[in-house]
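The values are calculated or read from the model by the stated rules, or taken from the named source; none is laboratory data. All values reported here derive from a predicted model rather than from experimental measurement. Cβ atoms come from the backbone with ideal geometry, glycine included; neighbour counts cover every protein chain shown. Side chains are part of the model used for accessible areas, which takes the heavy atoms of the whole protein and leaves out ligands, DNA and RNA. Shrake-Rupley method; radii C 1.70, N 1.55, O 1.52, S 1.80 Å.
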Amino acid sequence: MNKKDSLLEKLDRMLSPIGTKIGNQIHLKAISSGMMFGLPFIVVGSLFLIFANPPINMDLYDPQTANIFVRFLAAWKNFASANYELLTAPYNMTMGIFGLICAFGIAYSLAREYKLDAAMNGMISLAVFMLVVASSVDGQISTEFLGTNGLFVAIIIGLIVVEVSRLVEVRNWKISMPDTVPPAVTAFVNSMLPLFLNIILIYGLNVLIIALTGSTFPQFIMLLLTPALSFSGNLWGFIAIVTFGNFLWLFGINGTSIIFPIVFSIGITNTGINSELIASGQEATVAMNLQMFRISVLGGAGGTLGLIILMLRSKLVHLKTLSKISIIPGICGINEPVIFGLPIVFNPILAIPFLLTPIINLVLTYYAQVAGIISMGYIIDPSFTPFFAQAYLATMDFRNVLFYFGLVILSIFIYYPFFKVYENSLSRQSAMENQ
């Protein structure tokens, strides 16, 4: 046991500073905060997408045998089909401009970290983003990169805009105005240089890339990101990233917050692709959607909901008490009470199922989607809602709800032998202390 403790202490000394530094990295924090800035828009937009796509297959509908509920769904479907553009307009102007919202949000968040004018930097980022991605053809603005397709471009532009503004601030490239000039006028004058420099830099780069490659800046960036996206956007790359985040949790480091910008960005982008396919009357085809991220944190990092259920029946009072405190947060994907209260941190026994459970869940979910056993996610569901509600809201399919419950039951079996070993070790330790 001493050797294990020594090994864990060495790993802690090695990884904790790295994990803390990454977790506090100002740009990653800005990306996470900026994307959260846009989540209310895509959640509300998704509600309209749900309303425009009632859960019924009209090819299988028979009015002669259908019950009242199915007839209601059929009438709803006919109404939605006849008014589809009207019903999906709110979706197009919320989730459909998610990239635009994030361009503002990321720049706003980073500028606030730097103690700069957050609102102005957000507006500069928004304007430059529109300038680069919303090219005008015959008076029509392209919306291809305004939504989730433009998320990575929004991240890059949002960060660059603020760094340019910060350079202006650090170099003190400002115009001094007399004290008699109102502060608002001074702020207006000094905001023009960062705006001008960002337009020259980013839009100039866009023009140069078009001249050299024939692709616009967002198209070129997506081409450059393709190798990285192919790693983290495929099953095994995704599993590697999630496992790394869970490994950090074992040392008390919030691994989910570190990997969040990567896995959440991919999830939202691919869910947006599925949403567009559904909106155009096609089938969702991208398995690596936001549902995979939800599965990776089913019950919280490490899939600990099964462990909490086992603790409910524990013979140790403090474990049973902890489980009662943790069950409701765990259902909503929050499991810090278990990670730090049990604890799982620095726990070599429970570390094994903590790492293993999400891997098994992700593999099963991926192939269940591909095989058509469950539906692929195409709706951005709210975070921190009960897992069974997320399962339905992401797909409008009750099969997914049953599948999620199946994964929770499976996690009970995965955790069981390790939990019993740990429980017995605690019992022995308690008996020795009472002697």
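Would you say Phe387 is of a type outside the set (Ser, Thr, Tyr) and open to solvent by 40 Å² or more (accessible area, probe 1.4 Å)? It is false that Phe387 is of a type outside the set (Ser, Thr, Tyr) and open to solvent by 40 Å² or more (accessible area, probe 1.4 Å). Of all residues in region 363-378, exactly one satisfies the criterion of being touching a Leu at 6+ places or on another chain (Cβ under 6 Å) and part of a loop (DSSP other than H, G, I, E, B), namely Gly377. The set of residues from region 246-279 being within 18 Å of Gly302 (Cα to Cα), modelled with pLDDT of 85 or more and within 16 Å of the chain's Cα centre (by Cα) comprises just one member, Asn246. Residues in region 390-435 that are modelled with pLDDT under 85, outside any loop (DSSP other than H, G, I, E, B), open to solvent by 70 Å² or more (accessible area, probe 1.4 Å) and not acidic (Asp, Glu): Val421, Arg428, Gln429, Met432, Asn434.
Among the residues of region 119-136, write down those that are in contact with a Pro (Cβ under 7 Å, 6 or more places away or on another chain) and within 13 Å of Ala107 (Cβ to Cβ). Within region 119-136, just Ile124 meets the criteria. Ala184 versus (1) farther than 30 Å from Ile359 by Cβ; (2) modelled with pLDDT of 75 or more; (3) open to solvent by 20 Å² or more (accessible area, probe 1.4 Å); (4) among the aliphatic types (A, V, I, L, M): which is the lone unmet condition? All conditions pass for Ala184, except number (2).
Check region 149-168 and report whether any residue there is out of contact with any Asp or Glu (no Cβ under 8 Å at 6 or more places or on another chain), in a helix (DSSP H, G or I) and exposed (fewer than 12 other Cβ atoms within 10 Å of the Cβ). No: region 149-168 contains no residue that is out of contact with any Asp or Glu (no Cβ under 8 Å at 6 or more places or on another chain), in a helix (DSSP H, G or I) and exposed (fewer than 12 other Cβ atoms within 10 Å of the Cβ).
Can you name the residue in region 273-290 that is within 24 Å of Val363 (Cβ to Cβ) and touching a helix residue (DSSP H, G or I) at 6+ places or on another chain (Cβ under 7 Å) and is also surrounded by the most Cβ atoms within 10 Å (Cβ to Cβ) among such residues? Taking the candidates together, the pick is Asn289. In a residue-by-residue description of region 347-370, the property of being out of contact with any helix residue (DSSP H, G or I) (no Cβ under 9 Å at 6 or more places or on another chain) and either surrounded by fewer than 17 Cβ atoms within 10 Å (Cβ to Cβ) or free of Cβ contacts under 8 Å to residues at least 24 places away in the same chain (or both) applies to at least one position. I'd like to check something: does region 138-150 contain any residue that is more than 28 Å from Ile379 (Cα to Cα) and more than 31 Å from the chain's Cα centre (by Cα)? There is at least one residue in region 138-150 that is more than 28 Å from Ile379 (Cα to Cα) and more than 31 Å from the chain's Cα centre (by Cα). Among the residues of region 252-272, those that are surrounded by fewer than 21 Cβ atoms within 10 Å (Cβ to Cβ) and not in a helix (DSSP H, G or I) comprise Gly252, Asn254. Given the structure, is Gly306 of a type in the set (Gly, Ala, Ser), closer than 21 Å to Leu355 by Cβ and part of a helix (DSSP H, G or I)? Against the criterion (of a type in the set (Gly, Ala, Ser), closer than 21 Å to Leu355 by Cβ and part of a helix (DSSP H, G or I)), Gly306 qualifies. Within region 73-108, being among the aliphatic types (A, V, I, L, M), under 27 Å from Val153 (Cβ atoms) and part of a helix (DSSP H, G or I) holds for Ala89, Met95, Ile97, Leu100, Ile101, Ala103, Ile106, Ala107. The requirement of being in a loop (DSSP other than H, G, I, E, B) and either open to solvent by less than 30 Å² (accessible area, probe 1.4 Å) or of a type in the set (D, E, K, R) (or both) is not satisfied by Ile334. The set of residues in region 125-147 being in contact (Cβ under 8 Å) with a residue 40 or more places away in the chain, open to solvent by 10 Å² or more (accessible area, probe 1.4 Å) and of a type in the set (A, V, I, L, M, F, W, C) consists of Ala127, Leu131, Phe145, Leu146.
Going by the conditions given, is Pro54 of a type outside the set (Lys, Arg), assigned to a loop (DSSP other than H, G, I, E, B) and open to solvent by less than 20 Å² (accessible area, probe 1.4 Å)? For Pro54, the condition - of a type outside the set (Lys, Arg), assigned to a loop (DSSP other than H, G, I, E, B) and open to solvent by less than 20 Å² (accessible area, probe 1.4 Å) - is met.
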